[in-house]
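The values are calculated or read from the model by the stated rules, or taken from the named source; none is laboratory data. No experiment lies behind these values; they were computed from the predicted model shown. Positions of Cβ are generated from backbone atoms using ideal geometry, with glycine treated the same way; all protein chains shown enter the neighbour counts.
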Amino acid sequence: MFGFVLGTACLLGLIHVIRKGHHGHGCCGGGAWGGWHGHIHGRCGFGPRTMLRGLFVRLDTTPGQEKVIVSAVEELMQTGRQVHKEARSAREALAEAMRQPAMDASTLTAARSRLQSAFDTMSQAAERALSTVHEALDDRQRRTLADMIEEGHTWGGPWGGHPYRCH
């Protein structure tokens, strides 16, 4: 069980590292919030494939592998959006409970249940994504990705540069 939780945390951390490049770093010099969303030129753009470009370069993936990995990440991101809505709903229920003159234990239990359900859903999606990515990579690529996860490199480090810069 601990390995599953650790694997989920690693994948979520990888996605966080990948996604944090969205703000403050533009594609081809795009201003304070980045021009990645408005200027599409050559290798610049947005979406999972662009977010993962540095990873693909580092792993030396084939177009077929990239397609499988992008699909897994898109599915995980879709699940994340759904889970975010459920977590927001639980947060709103907790806020309403705090507004009441007396705390209702059943409201807290229901909110905790919603959050646990959201966590379980995200964990299962992360496990599927990890399994899909693992299957798509060869032994050398899996070792490289494992090292990257273990070391916690960001886009500015040895991952091969920032994915939103045109070269």
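Some values worked out for this structure:
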| item | result |
| --- | --- |
| Sole exception among (1) under 22 Å from R49 (Cβ atoms); (2) out of contact with any Leu (no Cβ under 7 Å at 6 or more places or on another chain) for S106, by number | (1) |
| Filtered residues of the range 67-89 (kept if touching a Lys or Arg at 6+ places or on another chain (Cβ under 7 Å) and farther than 18 Å from S123 by Cα) | V70, S89 |
| Residue satisfying condition, being more than 30 Å from L59 (Cα to Cα) and within 18 Å of the chain's Cα centre (by Cα), within set A118, A111 | A118 |
| Candidate set: the range 137-167, residues that are of a type in the set (A, V, I, L, M) and either touching a Gly at 6+ places or on another chain (Cβ under 8 Å) or outside any helix (DSSP H, G or I) (or both); chosen: the one modelled with the lowest pLDDT | I149 |
| Test: residue in the range 75-90 that is at pLDDT below 90 and either touching a Leu at 6+ places or on another chain (Cβ under 7 Å) or closer than 22 Å to D138 by Cα (or both) | yes |
